[in-house]
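Input: a single structure, listed below in structure tokens.
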Amino acid sequence: MTTYWQREMETLSREKLEKLQWERLKDTIEAAGRSPFYKKRFAENGITAGSIRSLGDLHKIPFTTKDDLRNTYPFGMAAIPLKECVRLHSSSGTTGNPTVVLHSRKDLEEWADQVARCMYMVGLRDTDVFQNTSGYGMFTGGLGFQYGAERLGALTIPAAAGNTKRQIKFIKDFHVTCLHIIPSYAARLAEVMYETGVDPRRDTQLRTICIGAEPHSEEQRKRIEQLLGVKAYNCFGMSEMNGPGVAFECTEQNGLHVWEDYVVVEVIDPETLLPVRDGEVGELVLTTINREAMPLLRYRTRDLTRIIQGDCPCGRTHKRLSRFQGRSDDMIIMKGVNLFPVQIENILMQFNELGNNWLITLETVGNSDEMLIEVELSDLFTDDYSVLQRLAKEITRQLKDELLLTPRIKLVAKGSLPVMEGKAVRVKDLRKLL
Amino acid sequence: MTIHQLSVFLENKYGALCEILALLAEENIRIVAATIADTSEFGIMRIIVDDPQKAYTILKSNNVSANLTDVLAVVTAPPAGSFAQTLTHFTKAGLSIEYMYSFVAGGKAILILRTNNREAAREVIRRQNMEYLCESDLPALFTE
């Protein structure tokens, strides 16, 4: 099924693609210079229109980090007047300010095309019925897929997250053929189907699912495919780069094509910050070259991956990224939610009843991933049983508000957790990537 | 009228209780009564010992989460129904029992209780002329 949404662009020769990238990069650098952030940064680093003369000069521009986004909150990265922006997405704050991404009308059009291109690539057509189980609101997996699927012409159901029985009812009643779903939830969905006597092969029209937003192994993909009787395709996106659609697997299921008419790809060693050798694992660094409201130059994604060498049999010329292999920071990806241990710490440290030592354990229970937080009590010990239970409940509630998932809290005796030395290792990841 | 009870936080894990008891045994602390309240995640052990201050210091110096709580110690008479009668006095005074346990020592049946209003509970004990224990009575409980 080698057909394309935008044949010319998807199969452009490398030479032409790189020429296009250079054209777009030049425009992007010029546009970025109109934002308060890059204006200052260019001045500090002596970057002028003339100093970047080719794609190869890109490395002369300093990296942009998530901290830069936080520090310029809310509008310091805007390269066009707010009047010309039509959408704002924001991700939750962890150590301080949240991050903001602005979109112009053209940015949204381009993004919809980008997602449509991905979905068309895995076989979605205007005759399909697509159900999106992403959260909507600020989470870009919601609107990102919604607009992409509508652009493609599929009948699109914004089911949003949760209520598994209702999801299954929609899938059956609306003859849904394609889902966007996080892998751990796909396994859960299949489990509930079988529990309630629904055979996905017999009782549904499901054929394709797009899975992403959390790490998963090849075995997990195969298992989901087997359980649901579908083909599952890995998708990659991040809100800083619009959201879904940045890179997507083709039907070869061997690496994710990263759309190089949208971004310039670099893979660096997170320690030395120099490019890794071709095909080696490193941190993905992306430069937007098709976004006007908020260009990002050399953005450090913190995601670890490598470029797959060689041509893809599907005929697309855009580079392929391997399955993501973790992070170069301590971000935890859990049930599709991105979170940092410091968010948990900030909340725990507000309770006088708690000590300074705590440990997060991520584990797989049945088909679902759970977070256990063990936290030591401080000296202020009460012998009132109900006070301790209320304490555990209150900690759970506050963490749930912050993390958008519900951890299990276990109060433990002082001194019972391993003593942390230096930069504490607070996270034990025992999840099975099944 | 009140004595010190030692409360100890216990993790729900193999051997946790033994570890705590061993610390007290090493220092010759004698235990006359113990009770454990537990959930699936943790427990609280409440004990009456001959020297609460010393026991508390031992646990603290070993980094054990523990505290001393004032509890009422009422002596109940041997005849049938005296336990019920004692509690009825508290109930009639509008008090609720938060927790309670009993033991026999030095030939006496002793009721340890904590109510939702300690002052009112003391008043009930005084008015009803109940026999009670003070901290200074503790060592006597351990003599045969």
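The ranking of A:MET119, B:MET100, A:MET349 by Cβ neighbour count inside 10 Å, starting from the fewest, reads A:MET349, B:MET100, A:MET119. Each Lys or Arg adds one and each Asp or Glu takes one away; over the other residues whose Cβ falls under 11 Å from the Cβ of B:LEU138, this sums to -3. Within 12 Å, Cβ to Cβ, of A:TRP5, how many net charges do the neighbouring residues add up to if Lys/Arg are +1 and Asp/Glu are -1? After counting each charged neighbour, the total is +1. Along the range A:46-58 the Karplus relation, 6.51 cos²θ - 1.76 cosθ + 1.60 evaluated at θ = phi - 60°, assigns HN-Hα couplings of x, 8, 10, 3, x, 7, 9, 9, 7, 3, x, 8, 3 Hz to successive residues, with x for each Gly and Pro. Computed over the Cα atoms of the range B:2-68, the ratio of the radius of gyration to the Kirkwood radius (Rg/Rh) comes to 0.93. By other beta-carbon atoms within 10 Å, ranking A:TYR194, B:TYR101, A:TYR120 with the fewest at the front produces A:TYR194, B:TYR101, A:TYR120. In chain B, Cα pairs under 8 Å separated by at least six residues give a relative contact order of 28 percent. Close amide H partners of A:LYS231, meaning residues 5 or more places away or on another chain with modelled amide H under 5 Å apart, are A:THR208, A:ILE209.
A convex hull fitted around the alpha carbon atoms of the range A:94-169 yields 110 Å³ per residue. Dividing the Cα radius of gyration of the range A:1-328 by 2.2 N^0.38 Å, with N the residue count, gives 1.00.
Other residues whose C-beta falls under 14 angstrom from the C-beta of B:SER96 contribute a net charge of +1, scoring Lys and Arg +1 and Asp and Glu -1. Helix-only arithmetic for chain A: the sum of -39500 (n - 2.57) across DSSP H runs with n ≥ 4, divided by the residue total, places the mean residue ellipticity at 222 nm at -9500 deg cm²/dmol. Classified by the C-alpha gyration tensor, the protein assembly as shown has a prolate form. Its axis ratio a/c, with a ≥ b ≥ c, is 1.5 or above, and a/b is larger than b/c.
Mind sorting A:ASP383, A:ASP429 by how few other Cβ atoms lie within 10 Å of their own Cβ, fewest first?
Taking fewest neighbouring Cβ atoms as first place, the list is A:ASP429, A:ASP383.
Highest mean first, the peptides A:201-210, B:2-11 sorted by other C-beta atoms within 10 Å per residue fall in the order B:2-11, A:201-210.
The shape of the range A:1-136 comes out oblate: with a ≥ b ≥ c from the C-alpha gyration tensor, a/c is at least 1.5 while a/b does not beat b/c.
Listed values for the range A:251-268 are Karplus-derived 3J(HN,Hα) couplings in whole Hz (6.51 cos²θ - 1.76 cosθ + 1.60, θ = phi - 60°), namely 5, 5, 6, 9, x, 9, 5, 9, 6, 7, 7, 9, 9, 9, 9, 10, 10, 10, and x replaces Gly and Pro. Measuring between their Cα centroids, the range A:175-237 and the range B:16-71 lie 52 Å from each other. Near the amide H of A:ILE332, within less than 5 Å, lie the amide hydrogens of A:LEU339, A:PHE340, all on another chain or at least 5 residues away, with H placed in the peptide plane.
For chain A, the residue among A:ALA159, A:PHE381, A:MET241 whose Cα projects farthest onto the positive side of the dipole built from Cβ charges is A:ALA159.
Couplings for the range B:121-134, taken from phi via the Karplus curve 6.51 cos²θ - 1.76 cosθ + 1.60 with θ = phi - 60°, read 5, 4, 4, 4, 4, 5, 4, 8, 6, 6, 7, 9, 10, 10 Hz in order; Gly and Pro are left as x. Axis of helix B:52-61 versus longest Cα principal axis of chain B: the two differ by about 30°, to the nearest ten degrees. Near the amide H of B:TYR132, within less than 5 Å, lie the amide hydrogens of B:VAL75, all on another chain or at least 5 residues away, with H placed in the peptide plane.
None of the figures in this text is laboratory data; all of them are computed from the coordinates on show. Being a predicted model, the structure only gives us computed values, none of them experimental. Ideal geometry is used to build each Cβ from the backbone, glycine not excepted, and the neighbour counts take in all protein chains shown.
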